[in-house]
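To start, the structure under review is shown below, and the notes come after it.
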Amino acid sequence: MDLILIGGVSGSGKGVALAALEDSGYYGTSHLPMPLIAETVDHLRRAGQERVAVTLDLRTDHGFAQIEQTLAALRNRGWSVRFLMLDAKTDTLVKRFSETRRRHPFSSETRTLTEAIDLERQLLTDARGLGYVFDTSDLPAAALRAWIKDFVDVDASRLTLLFESFGFKHGIPLDADLVFDVRCLPNPHYEVGLAPLTGRDRPVIEFLERIPAVEDMYGDIHGFVSRWLPAFVRDNRNYLTVAIGCTGGQHRSVYFVERLAAAFEGRYQVQKRHREIRGTPSASTP
């Protein structure tokens, strides 16, 4: 019996995520207050539904105050529960609300849109550590749907390791657990013919692999992640995001993510995501 609870800030894509889960065979229901979760999923189980997805309503529960107890109670009832927290940068959320002309749930006559976003994020602070946090700031809806389908396919009982490339000039991903900065390495962008390519292209790979410092950096990152991953597993973490950043997120960070993902495949469930490269949703390996 598989249950996915979806929380997060308003405007982060919870509706898109729920629709993607429904497309993947889940029975979806939206905006349930926390006290009604157990009763609702028990009713759905009696009706024959064994794969359920629910978006949570924050407005009546003051920051999901009972979320930890609710998760424990659902697991004791036999449900395999995953809690997905979606987030996005404030400027992204402001743009989305402006484009849709929808009112933020926490807006009021005395509270601006930005203040409403900040209030909601503050209310969610304690719940972030209980779930899978995913930053949707730079994702089109199609890429988010693809990531949700990857998320569904992984074994919830094992740790999933996500390697994510990004550009510092666009901001650090909100969902990063570990962040490594590779901007100190030579930048292929300034080499003839390499600027329009990415870290997945052979000429860029060959350029970087000729530089001893690149191999040193790779060895240090690989060693750090290898050493500390067992500690995260012992801490009952189900998801760990390792973000690698360069200036623009096109060359060096992409190269490192591709190489690290390949190195950890087989030992862990691995996903990879290149935030700044459009049209490349995350890929996963068992």
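The values are calculated or read from the model by the stated rules, or taken from the named source; none is laboratory data. Worth saying up front: this structure is predicted, and the values here are computed from it rather than measured. Ideal geometry is used to build each Cβ from the backbone, glycine not excepted, and the neighbour counts take in all protein chains shown. These area figures cover heavy atoms from the full protein model, side chains too; ligands, DNA and RNA do not enter into them. Shrake-Rupley method; radii C 1.70, N 1.55, O 1.52, S 1.80 Å.
Once the C-beta distance of ASP201 and ASP181 is scaled by a Förster radius of 25 Å, the resulting FRET efficiency is 0.65 to the nearest 0.05. Each Lys or Arg adds one and each Asp or Glu takes one away; over the other residues whose Cβ falls under 10 Å from the Cβ of ALA243, this sums to -3.
Relative to its Kirkwood radius, the Cα radius of gyration of the chain gives an Rg/Rh of 1.00.
As an equivalent ellipsoid, region 201-286 spans semi-axes of 23, 17, 11 angstrom, where each value is the square root of five times an eigenvalue of the C-alpha gyration tensor, largest first. Compared with the direct C-alpha span, the chain from ARG59 to ARG278 gains 75.4 nm at full extension, assuming 0.36 nm per residue. With only the Cα atoms considered, region 138-286 has a convex hull volume of 104 Å³ per residue. Take 11-22, 216-227 and order them by the average number of nearby Cβ atoms within 10 Å per residue, most first; the result is 11-22, 216-227. In this label model, ASP118 and LEU130 are separated by 2.6 nm, measuring between points 7 Å along each Cα→Cβ vector.
Fully extending the segment from ARG102 to ALA73, taken as 0.36 nm per residue of separation minus the present Cα-Cα distance, adds 6.9 nm. I want the local charge near HIS104. Using Cβ-Cβ distances under 12 Å, sum +1 for each Lys or Arg and -1 for each Asp or Glu among the other residues. Charge balance in the 12 Å sphere: +4. Dimensions of region 1-158 from C-alpha coordinates, computed as largest minus smallest value along each principal axis and given longest first, are 44, 31, 27 Å. Using a Gaussian network model on the chain with a 10 Å cutoff between Cα atoms, which of PRO212, PRO186, PRO33 fluctuates the most? Of the options given, PRO212 has the highest mean-square fluctuation. In the context of the full set of protein chains, the chain has a per residue accessible area of 47 Å² (1.4 Å probe).
Our helix-only sum for the chain, with -39,500 (n - 2.57) per DSSP H run of n ≥ 4 divided by its residues, gives a mean residue ellipticity at 222 nm of -12000 deg cm²/dmol.
Geometric descriptor of region 72-148, per residue, is 124 Å³ (volume of the convex hull of the Cα atoms).
Number of Lys pairs in the chain with C-alpha atoms less than 19 angstrom apart, excluding same-chain neighbours closer than eight positions?
Values: LYS14/LYS89; LYS14/LYS95; LYS14/LYS149; LYS89/LYS169; LYS95/LYS169; LYS149/LYS272.
Lysine pairs, 8 or more places apart or on different chains, close enough: 6.
Quick one: go through region 172-211 and flag any residue whose amide nitrogen is under 20 Å from the point 7 Å out along the Cα-to-Cβ line of ARG227. Taking a point 7 Å out along Cα→Cβ of ARG227, the residues of region 172-211 whose backbone N falls under 20 Å are 177-182.
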